[in-house]
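The values are calculated or read from the model by the stated rules, or taken from the named source; none is laboratory data. In this text, all values refer to a predicted model and were calculated from it rather than measured experimentally. So basically every Cβ, Gly included, is an ideal-geometry build from the backbone, and we count neighbours across all protein chains shown.
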(Lines give C-alpha, C1' and ligand atoms only; values in the text may rest on other atoms or scores of the structure.)
Protein backbone atom coordinates (compact mmCIF):
# COMPACT_ATOMS: atom_id res chain seq x y z
CA UNK A 1 0.00 0.00 0.00
CA UNK A 2 1.54 3.30 -1.10
CA UNK A 3 1.46 6.22 1.29
CA UNK A 4 0.54 9.61 -0.03
CA UNK A 5 2.37 12.63 1.35
CA UNK A 6 0.30 15.67 2.21
CA UNK A 7 1.59 19.21 2.59
CA UNK A 8 0.33 20.01 6.09
CA UNK A 9 0.59 23.73 5.37
CA UNK A 10 -2.38 23.23 3.01
CA UNK A 11 -4.61 21.68 5.70
CA UNK A 12 -7.37 23.78 7.27
CA UNK A 13 -7.17 24.75 10.96
CA UNK A 14 -9.64 22.02 12.03
CA UNK A 15 -7.57 19.26 10.45
CA UNK A 16 -4.38 20.70 11.92
CA UNK A 17 -6.03 20.58 15.36
CA UNK A 18 -6.98 16.94 14.78
CA UNK A 19 -3.45 16.14 13.62
CA UNK A 20 -1.99 17.81 16.73
CA UNK A 21 -4.32 15.74 18.96
CA UNK A 22 -3.34 12.55 17.11
CA UNK A 23 0.34 13.38 17.55
CA UNK A 24 -0.28 14.03 21.26
CA UNK A 25 -1.79 10.54 21.57
CA UNK A 26 1.13 8.97 19.71
CA UNK A 27 3.63 10.88 21.87
CA UNK A 28 1.79 9.66 24.98
CA UNK A 29 1.95 6.06 23.72
CA UNK A 30 5.65 6.20 22.85
CA UNK A 31 6.46 7.98 26.14
CA UNK A 32 4.58 5.31 28.08
CA UNK A 33 6.43 2.59 26.18
CA UNK A 34 9.76 4.26 26.92
CA UNK A 35 8.93 4.50 30.62
CA UNK A 36 7.93 0.83 30.76
CA UNK A 37 11.08 -0.23 28.91
CA UNK A 38 13.31 1.85 31.18
CA UNK A 39 11.56 0.47 34.28
CA UNK A 40 12.06 -3.13 33.08
CA UNK A 41 15.67 -2.37 32.16
CA UNK A 42 16.26 -1.00 35.67
CA UNK A 43 14.82 -4.15 37.25
CA UNK A 44 17.09 -6.38 35.15
CA UNK A 45 20.13 -4.22 35.98
CA UNK A 46 19.28 -4.50 39.70
CA UNK A 47 18.96 -8.27 39.38
CA UNK A 48 22.27 -8.52 37.54
CA UNK A 49 23.98 -6.36 40.18
CA UNK A 50 22.55 -8.62 42.91
CA UNK A 51 24.10 -11.64 41.22
CA UNK A 52 27.43 -9.80 40.98
CA UNK A 53 27.40 -9.46 44.78
CA UNK A 54 27.14 -13.22 45.35
CA UNK A 55 30.49 -14.75 46.25
CA UNK A 56 31.66 -17.87 48.12
CA UNK A 57 32.12 -15.66 51.21
CA UNK A 58 28.36 -14.97 51.09
CA UNK A 59 27.58 -18.60 52.05
CA UNK A 60 25.20 -18.74 55.08
CA UNK A 61 25.08 -14.94 55.27
CA UNK A 62 21.91 -13.36 56.70
CA UNK A 63 19.87 -11.51 54.06
CA UNK A 64 16.48 -9.88 53.59
CA UNK A 65 14.32 -11.68 51.02
CA UNK A 66 11.79 -9.50 49.17
CA UNK A 67 8.23 -10.83 49.21
CA UNK A 68 6.80 -7.73 47.52
CA UNK A 69 8.18 -4.34 46.58
CA UNK A 70 7.96 -3.20 50.20
CA UNK A 71 7.85 -6.37 52.35
CA UNK A 72 11.01 -8.30 53.22
CA UNK A 73 11.59 -11.32 55.46
CA UNK A 74 14.85 -12.47 57.03
CA UNK A 75 16.62 -15.33 55.32
CA UNK A 76 19.96 -16.98 54.87
CA UNK A 77 21.94 -17.45 51.67
CA UNK A 78 22.42 -21.23 51.62
CA UNK A 79 23.60 -21.77 48.03
CA UNK A 80 26.00 -19.30 46.40
CA UNK A 81 26.38 -21.32 43.21
CA UNK A 82 22.74 -21.56 42.05
CA UNK A 83 19.91 -19.03 41.86
CA UNK A 84 16.24 -19.11 40.97
CA UNK A 85 15.47 -16.68 38.13
CA UNK A 86 12.04 -15.32 37.24
CA UNK A 87 11.80 -15.80 33.47
CA UNK A 88 8.34 -14.24 33.22
CA UNK A 89 4.64 -15.08 33.48
CA UNK A 90 5.14 -16.75 36.86
CA UNK A 91 7.82 -19.22 35.77
CA UNK A 92 11.08 -19.62 37.66
CA UNK A 93 14.17 -21.54 36.59
CA UNK A 94 17.08 -22.79 38.69
CA UNK A 95 20.39 -21.88 37.08
CA UNK A 96 23.95 -21.31 38.15
CA UNK A 97 25.03 -17.75 38.88
CA UNK A 98 26.99 -17.43 35.62
CA UNK A 99 23.95 -18.41 33.52
CA UNK A 100 21.81 -16.05 35.59
CA UNK A 101 24.18 -13.18 34.80
CA UNK A 102 24.10 -14.12 31.10
CA UNK A 103 20.29 -14.25 31.20
CA UNK A 104 20.06 -10.73 32.64
CA UNK A 105 22.69 -9.41 30.22
CA UNK A 106 20.63 -10.74 27.28
CA UNK A 107 17.47 -9.14 28.71
CA UNK A 108 19.22 -5.81 29.29
CA UNK A 109 20.70 -5.85 25.77
CA UNK A 110 17.31 -6.68 24.22
CA UNK A 111 15.53 -3.89 26.10
CA UNK A 112 18.32 -1.44 25.26
CA UNK A 113 17.81 -2.23 21.56
CA UNK A 114 14.06 -1.67 21.93
CA UNK A 115 14.69 1.69 23.61
CA UNK A 116 17.03 2.61 20.75
CA UNK A 117 14.19 1.84 18.31
CA UNK A 118 11.51 3.79 20.17
CA UNK A 119 13.62 6.87 21.06
CA UNK A 120 13.98 8.19 17.47
CA UNK A 121 10.27 7.60 16.82
CA UNK A 122 9.39 9.63 19.90
CA UNK A 123 11.75 12.43 18.86
CA UNK A 124 10.24 12.45 15.35
CA UNK A 125 6.71 12.72 16.78
CA UNK A 126 7.81 15.67 18.96
CA UNK A 127 9.37 17.35 15.92
CA UNK A 128 6.24 16.75 13.82
CA UNK A 129 4.03 18.16 16.56
CA UNK A 130 6.19 21.28 16.80
CA UNK A 131 5.86 21.82 13.04
CA UNK A 132 2.08 21.35 13.19
CA UNK A 133 1.81 23.80 16.13
CA UNK A 134 3.87 26.42 14.28
CA UNK A 135 1.72 26.10 11.14
CA UNK A 136 -1.44 26.16 13.25
CA UNK A 137 -0.34 29.33 15.05
CA UNK A 138 0.51 30.99 11.74
CA UNK A 139 -2.88 30.06 10.24
CA UNK A 140 -4.79 31.26 13.31
CA UNK A 141 -2.86 34.54 13.21
CA UNK A 142 -3.62 34.96 9.49
CA UNK A 143 -7.31 34.20 10.04
CA UNK A 144 -7.41 36.76 12.84
CA UNK A 145 -5.76 39.40 10.64
CA UNK A 146 -8.24 38.66 7.83
CA UNK A 147 -11.16 39.04 10.24
CA UNK A 148 -9.78 42.35 11.49
CA UNK A 149 -9.24 43.56 7.93
CA UNK A 150 -12.77 42.51 6.98
CA UNK A 151 -14.18 44.25 10.07
CA UNK A 152 -12.22 47.41 9.30
CA UNK A 153 -13.31 47.27 5.66
CA UNK A 154 -16.98 46.94 6.58
CA UNK A 155 -16.84 49.87 9.03
CA UNK A 156 -15.15 52.02 6.37
CA UNK A 157 -17.79 50.99 3.81
CA UNK A 158 -20.68 51.92 6.15
CA UNK A 159 -19.39 55.44 6.80
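Evaluating residue 36 against the criteria (1) more than 30 Å from the chain's Cα centre (by Cα); (2) within 30 Å of residue 130 (Cα to Cα) leaves one unmet condition, (1). Scan the stretch 21-60 for residues that are part of a helix (DSSP H, G or I) and free of Cβ contacts under 8 Å to residues at least 12 places away in the same chain and the total you get is 15. The one condition from (1) surrounded by 12 or more Cβ atoms within 10 Å (Cβ to Cβ); (2) modelled with pLDDT of 95 or more; (3) not in a helix (DSSP H, G or I) that residue 73 does not meet is (1). Residue 102 falls short on exactly one of the conditions (1) at pLDDT below 95; (2) under 20 Å from residue 46 (Cβ atoms); (3) over 22 Å from the mean Cα position of the chain (by Cα), and that condition is (1).
Each residue in the stretch 66-109 was checked for being in contact with a helix residue (DSSP H, G or I) (Cβ under 8 Å, 6 or more places away or on another chain), closer than 18 Å to residue 52 by Cα and without any contact (Cβ under 8 Å) to a residue 60 or more places away in the chain, and 11 of them qualify. Suppose the filter is part of a loop (DSSP other than H, G, I, E, B), free of Cβ contacts under 8 Å to residues at least 60 places away in the same chain, surrounded by 11 or more Cβ atoms within 10 Å (Cβ to Cβ) and over 27 Å from the mean Cα position of the chain (by Cα); does residue 63 pass it? In short, no.
The conditions of being in a helix (DSSP H, G or I), modelled with pLDDT of 95 or more and within 30 Å of residue 9 (Cα to Cα) are not met by residue 145. Residues that are in a helix (DSSP H, G or I) and within 30 Å of residue 129 (Cβ to Cβ) do occur in the stretch 96-110, at least one of them.
Against the criterion of being in a helix (DSSP H, G or I), modelled with pLDDT under 95 and touching a helix residue (DSSP H, G or I) at 6+ places or on another chain (Cβ under 6 Å), residue 139 qualifies.
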